[in-house]
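Engineer: Got a structure here, written out as structure tokens. Questions coming.
Derivation of every value follows stated rules applied to the coordinates shown; laboratory data play no part. Note that the structure is predicted; figures quoted are calculated from it, not measured. All Cβ positions, even for glycine, are placed from backbone atoms using ideal geometry, and neighbour counts span all protein chains on display.
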Amino acid sequence: MDKIVIEGGARLSGEVRTGGSKNAILPLMASSLLVDGCMTITNVPRLRDIDTFNALLRHLGADVSADYKAGVLKIKTSAINGTEAPYNLVKTMRASILVLGPLVTRFKKARVSLPGGCAIGARPVDLHLKGLIKMGASVSVEHGYVNVTAERLKGANIYLDIPSVTGTENLMLAAVYADGKTVIENAALEPEVTCLAEALVKMGALIRGIGTDTLTIEGVSELKPIEIKAIPDRIEAGTFMAAVAMTRGNVLIKDCPLEHLDALSSKLREAGAEIRSEDGGVRVIGNWPIDSVDIKTAAYPGFPTDMQAQIMAMMTIAKGLSVVKETVFENRFMHVSELKRMGADISIDGRTAVVRGVKGLSGAPLMATDLRASASLILAGMVAEGKTEVSRIYHLDRGYERIEEKLKKLGANIERIKE
């Protein structure tokens, strides 16, 4: 098992490029199950979650070839012969539930293990199943598996109790072949949802309201395979922005989707960072002292829950007191105990954390608990005095491609070591 070792104190400078968005690529991969032919996705990084989804598609009968050096993924689905997503392939990744909609609408049945992923809180699939039932599917849950059958899905009006990203995507994937019109209200607004919707339209789907909270899908009889470029990863870009701001750095971030990062940019500017669009990317300049800011996570376009841990790490060395409210997941403060081992002053009351800035953090041996917590501990280690070791970084590899190499090129004293 690998670990990351960091010597703190370096100021980041230079240029870095954001990779393709994992959370956009996975639903695009699921959409390949809707067509007979070869889907091509470009701007694809090598991530553990993408490898897992590749294995799942192969298990279903797809021919998947990945050229990560070129960032190209080709998925041939002409020989799909399975409709079951087994536990051993699903247990580590929440997004595997996205095969449910395509399999049911195209192949009339699916058996999918209840998914796993980071242990950051309950993320039930009830919304997915309620929507499919409204569309005429028969659903049962037994022995840890969801069984769904439908001779032919029918269009329906579906209201999502919460704007679930995977719920919106799964129901949209199911509705493209349904008989008649499907309306999804309170749909998620995340850019990754828009990316999928636009790809489906390019494939021949009829979808109105893209980018709004009401999606209307008219079922069609056939879709065609396409080539599609994945959007940049706004969370990777945001992690770099926070790292630069924390280290008093000066970095040009290329392929930085600033239009998708309004809430984060606003808070970083409030904390004292300079952020401006520049030819070829976004320039971020960090200034000290860092001013404390309050954040409250929310569905897009609110402050992203996937950036909460990184900004909390930044607030540990800010001037004053910060209040961090987590409204999306109930168990997303697992990084707090590790930050406190470095000398951070943080107290928790339910879903609210109060962070009192300290003069400095000190390096310590740490253990990552989830994907974004891993990133926050690396950021903390970059401003800490002495050496920080972050273990269990397999979480990190689920969503960041060689982040230690990218940070090292910017001047960070960071290494990946085999334990």
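Engineer: To the nearest 20 debye, what is the magnitude of the charge dipole of segment 268-419 about its Cα centre, counting +1 on the Cβ of each Lys and Arg and -1 on the Cβ of each Asp and Glu?
Structural biologist: Charge dipole of segment 268-419: 120 debye, to the nearest 20.
Engineer: Cut-off is 10 Å between beta-carbons; in what order do Phe329, Phe53, Phe107 appear when sorted fewest neighbours first?
Structural biologist: With the sparsest Cβ surroundings first, the list reads Phe107, Phe329, Phe53.
Engineer: Where both partners of a DSSP beta bridge lie in segment 22-229, what percent of those bridges are antiparallel, to the nearest 5?
Structural biologist: 75 percent
Engineer: Next question, about the same structure. What do you get for Rg/Rh over the chain if you use C-alpha atoms and the Kirkwood form of Rh?
Structural biologist: 0.98
Engineer: Using the Cα gyration tensor of segment 22-229, with a ≥ b ≥ c the square roots of its eigenvalues, what is the shape: rounded (a/c below 1.5), prolate (a/b larger than b/c) or oblate (neither)?
Structural biologist: Because its axes are fairly even, with a/c under 1.5, segment 22-229 counts as rounded.
Engineer: Trypsin sites (Lys or Arg not before Pro) within segment 120-191: which are DSSP loop residues with at most 16 other Cβ atoms inside 10 Å?
Structural biologist: Answer in residue order: Arg152.
Engineer: Please report the antiparallel percentage of DSSP beta bridges with both residues in the chain, rounded to the nearest 5.
Structural biologist: The antiparallel proportion sits near 70 percent.
Engineer: With everything on Cα atoms, drop me the angle between helix 234-246 and the longest principal axis of the chain, reported from 0 to 90° to the nearest 10.
Structural biologist: Relative to the chain, helix 234-246 is tipped by roughly 0 degrees.
Engineer: Can you tell me the 0 to 90 degree angle between the C-alpha axis of helix 165-175 and the longest principal axis of the chain, rounded to 10?
Structural biologist: It is inclined by approximately 20 degrees.
Engineer: Here is a follow-up. Near the amide H of Tyr159, under 5 Å away, which other amide H atoms are found, from residues 5 or more places off or on another chain, if H is placed in the peptide plane?
Structural biologist: HN-HN under 5 Å from Tyr159: Glu185.
Engineer: When a/c reaches 1.5 or more, the comparison of a/b and b/c decides; with that in mind, is segment 321-395 rounded, prolate or oblate per its Cα gyration tensor?
Structural biologist: oblate
Engineer: Sorted by packing (mean other beta-carbon atoms within 10 Å per residue), highest first, where do 189-200, 169-180 land?
Structural biologist: Ranking the peptides 189-200, 169-180 by packing returns 169-180, 189-200.
Engineer: Could you sort the peptides 243-256, 392-405, 370-383, 286-299 by per-residue average Cβ neighbour count (10 Å cutoff), highest mean leading?
Structural biologist: For the peptides 243-256, 392-405, 370-383, 286-299, the packing ranking is 370-383, 243-256, 392-405, 286-299.
Engineer: Can you give the FRET efficiency for Ala70 and Lys418, using 1/(1 + (r/R0)^6), R0 = 25 Å, r = Cβ-Cβ distance, to the nearest 0.05?
Structural biologist: 0.35
Engineer: Right, another one. What's the magnitude of the charge dipole for segment 22-229 around its Cα centre, counting Lys and Arg as +1 and Asp and Glu as -1 at the beta-carbon? Answer in Debye, nearest 20.
Structural biologist: 340 debye
Engineer: Tell me the mean residue ellipticity at 222 nm calculated for the chain from its helices only (DSSP H runs of n ≥ 4, each -39500 (n - 2.57), averaged over every residue, nearest 500).
Structural biologist: Mean residue ellipticity, 222 nm, calculated: -8500 deg cm²/dmol.
Engineer: Pick out, from Leu73, Val328, Val139, the residue whose Cα sits farthest towards the positive end of the charge dipole of the chain, with +1 on the Cβ of Lys and Arg and -1 on the Cβ of Asp and Glu.
Structural biologist: The one lying farthest along the dipole's positive direction is Leu73.
Engineer: Straight-line reach from Lys325: which lysines have Cα under 20 Å away, leaving out those fewer than 8 places along the same chain?
Structural biologist: Lys325 reaches Lys267, Lys296, Lys340.
Engineer: Taking the chain as a Gaussian network, Cα atoms linked when under 10 Å apart, which of Glu84, Glu236, Glu151 shows the biggest mean-square fluctuation?
Structural biologist: Glu151
Engineer: Counting Lys +1, Arg +1, Asp -1, Glu -1, what net charge surrounds Ala353 among other residues with beta carbon under 9 Å of its beta carbon?
Structural biologist: Within the 9 Å Cβ shell, the charges total 0.
Engineer: Figure the gain on full extension for Glu84 and Val201 (residue separation times 0.36 nm, minus the Cα-Cα span) and round it to one decimal in nm.
Structural biologist: Additional length available on full extension: 39.4 nm.
Engineer: Which shape class, rounded, prolate or oblate, goes with segment 230-333 when its Cα gyration tensor gives a ≥ b ≥ c as root eigenvalues, a/c under 1.5 marks rounded, and past that a/b bigger than b/c marks prolate?
Structural biologist: Note, shape of segment 230-333 comes out oblate.
Engineer: Kindly put His59, His143, His335 in sequence by how many other C-beta atoms sit within 10 Å of each C-beta, fewest to most.
Structural biologist: Lowest count first: His143, His59, His335.
Engineer: Now a separate question. Identify, among Leu196, Ala174, Ile162, the residue whose Cα sits farthest towards the positive end of the charge dipole of segment 119-213, taking +1 on the Cβ of Lys and Arg and -1 on the Cβ of Asp and Glu, with the dipole about the Cα centre.
Structural biologist: About the Cα centre, the residue reaching furthest to the positive side is Ala174.
Engineer: If you don't mind, there's one more thing I want to ask. Could you derive backbone 3J(HN,Hα) for segment 269-283 from the dihedral phi with the Karplus parameters 6.51, -1.76 and 1.60 (θ = phi - 60°), listing whole Hz in sequence and x where the residue is Gly or Pro?
Structural biologist: Rounded to whole hertz, the list is 5, 4, 7, x, 7, 9, 9, 8, 5, 9, 3, x, x, 10, 8.
Engineer: Let me ask something additional. Under a straight-distance cross-link criterion of Cα-Cα below 19 Å, which aspartates and glutamates are reachable from Lys224, leaving out those fewer than 8 residues away in the same chain?
Structural biologist: Here the aspartates and glutamates satisfying the reach criterion relative to Lys224 are Asp36, Asp63, Glu169, Asp179, Glu198.
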